[in-house]
Amino acid sequence: MATSKQDSQKKETWSNDHAFPKVLIIGQTFTMDTGGGITLTNLFKKWPKERLAVAVESKEVVDFDKADYYYRIGFQELKMPAPFSFFQRKTKSGAIAESKSEGAVQVKETGSLKFKVKQYFDAALHHTGLYFWMYGREKVSPALIAWIEDFQPDLIYFQPNSYKSLDFILAVTEKIRVALVTHVMDDWFSFVVRSSPVKGYWQKKIDHKAQLLFDRTQLHLSICDYMSQEYERRYGHPFIAFHNCVDLDFWSTAAQNHPLSQPIKILYAGRIGYGLEMILLKMADIVEQMGSEGIAVCLEIQTKDQRHELISTLENYRHVFTSPPVAYEKLPEKFAAADILLIPCDFDGSGVRFLKYSMPTKSSEYMATGRPILVISPAGTALTEYARSGWALLCDSDREADIRKAIQELISSETLREKISGRARELAANNHSQSIVMQRFREALTKLAGAQISLNKKTADGK
């Protein structure tokens, strides 16, 4: 633990540096292809990179344009139980030196055969209830603690996203006594445990560890107000919502009102996975049927999940096509070229539970482009409740007739499209503007860091 003199020097340093505390980031890295990564990148966009350090797993991207200090979490921290550790890749742990090539350093993608084998292996572990026993052993190594102590963070910022990360962050905060900021992207704790003979056992362990995490956290952040309300009820701590913020100039550059395309383009951009497969397939079937009836409409699904089985299912569709993601800087142009931007959510019980308290990262980006948005989502979810404020045409039914009716309403009414687009731009400016949200975020972290340093000083003076 730092001495009172060191604490005083640290406080003066970040006060003179426009009140930017030194932050250690765990659980997420800077990337533009995941919701957590995009949100992290935008919230810390103007943070001095010499005041940021990131601990990342070997499969994750490191970007020295965003932070000066990285630690690779490798075999020392991720060793599997015997005998599986014998076959495990022995990724080297330790501090990462900046690559000669500036910017993000990508990790090579796993081959398709190895990917499929791992999928089957992980599925078997889930069904037997051994998944968390196998992958839930992330440990804190002496080398990692030494690296953190050398950086001397004022705060730790953590995005929980796996079972192993819970034990890991609890162990880190036992060794490194600085304030903890926990930012929850989705209700991961409620859906991660799959059906198995010991599901109840693992769910109790996760619930217990989640409560320990939030009891130890000093600043509780959520992804939306709907989650904040539920989490305060569930865990007994107030949460503040910080959703993905957007640079209005960046997103509105390509925005323009243009005549409907021929064929009319509906675009979904995002992941394909749990909570989305069924509604995307239904949407594809509806568009395919409309197209076969001579209605000039098509659906594009832009996703990085090109290996998902839904991709192969859609190969024979004539009016539905898939595409890989474009570079992030080209997304405004991509979104602006669409006639309708789609945000869907499954309606089955497990899908609703999965996404109930989540708010898609793309929602604020869609709003800022000013293109008409169609939300297909069940009642009682964060997305649906927010969409009721008018930034999208909301269809809260998964009946094909209702979805088709919503599509046709958007196609036929220019007045409706303009009304939705105008409201979306208004809310993007009021609720999601990067300049406003980043300032609130920095003030919240700065206030916490100052309070922590004052507490440390009082503790040191009292000894």
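Coordinate-derived values only; no laboratory data. In this text, all values refer to a predicted model and were calculated from it rather than measured experimentally. Methodologically, a virtual Cβ is constructed for each residue, glycine included, from the backbone with ideal geometry; neighbour enumeration extends over all protein chains shown.
For the stretch 312-327, in order, what is each residue's ³J(HN,Hα) by Karplus, 6.51 cos²θ - 1.76 cosθ + 1.60 with θ = phi - 60°, in whole Hz (x at glycine and Pro)?
Using θ = phi - 60°, the values come out as 5, 4, 8, 4, 8, 6, 8, 10, 10, 9, 10, 8, x, x, 8, 4 Hz.
Quick one: grab Rg to one decimal and Dmax as a whole number for the stretch 248-431, Cα atoms only, in Å.
Every Cα atom of the stretch 248-431 included, Rg and Dmax give 15.2, 43 Å.
Once you put a point 7 Å from the Cα of LYS46 and another 7 Å from the Cα of SER261, both along the Cβ direction, what distance in nm separates them?
So the label points at LYS46 and SER261 sit 3.4 nm apart.
Take each of the peptides 273-282, 338-347, average the number of other beta-carbon atoms within 10 Å over its residues, and list them starting from the highest.
Values: 273-282: 18.3, 338-347: 23.1.
The packing order, highest mean first, is 338-347, 273-282.
Hey, can you grab everything whose amide H is under 5 Å from the amide H of SER323? Only 5+ residues off in sequence or another chain; H modelled, so Pro and N-termini drop out.
Residues meeting the criterion, in which the H sits 1.01 Å from N, are ILE301, GLN302, THR303.
Can you sort GLU329, GLU414, GLU230 from fewest to most other Cβ atoms within 10 Å of each residue's own Cβ?
Going from sparsest to densest Cβ surroundings: GLU329, GLU414, GLU230.
How would you rank ARG404, ARG177, going from fewest to most other Cβ atoms within 10 Å of each one's own Cβ? Walk me through the numbers on the way to the answer.
Details: ARG404 17, ARG177 12.
So the residues, fewest neighbours to most, are ARG177, ARG404.
Do any of LYS334/LYS447; LYS282/LYS334; LYS92/LYS447; LYS45/LYS405 go past 29 Å between their Cα atoms, and which? If you can, show how the numbers build up before the last one.
Numbers: LYS334/LYS447 39 Å; LYS282/LYS334 24 Å; LYS92/LYS447 37 Å; LYS45/LYS405 41 Å.
Among LYS334/LYS447; LYS282/LYS334; LYS92/LYS447; LYS45/LYS405, the Cα-Cα distance tops 29 Å for LYS334/LYS447; LYS92/LYS447; LYS45/LYS405.
Within the stretch 371-390, what residues put their amide N at less than 14 Å from the label point 7 Å along the Cα-to-Cβ vector of ALA241?
Inside the label zone: 380-390.
I want to check the label-to-label distance for GLU293 and ASP65. Put each point 7 Å from Cα in the C-beta direction and report it in nm to one decimal.
4.6 nm
Could you compute the FRET efficiency for LEU281 and SER350, with r as their C-beta to C-beta distance and R0 at 25 Å, rounded to 0.05?
Details: r = 16 Å, r/R0 = 0.63.
Using R0 = 25 Å, I get an efficiency of 0.95.
Rounded to the nearest 0.05, what FRET efficiency do ILE96 and SER435 give with R0 = 41 Å and r taken as the Cβ-Cβ distance? Could you check? The partial results should precede the final answer.
Details: r = 32 Å, r/R0 = 0.77.
Computed FRET efficiency for ILE96 and SER435: 0.85.
Need the full-extension length gain, GLU385 to GLU174, defined as separation in residues times 0.36 nm minus the C-alpha distance. One decimal, nm. Could you put the intermediate results ahead of the total?
Working: separation 211, 0.36 × 211 = 75.96 nm, distance 3.89 nm.
That works out to 72.1 nm of additional length.
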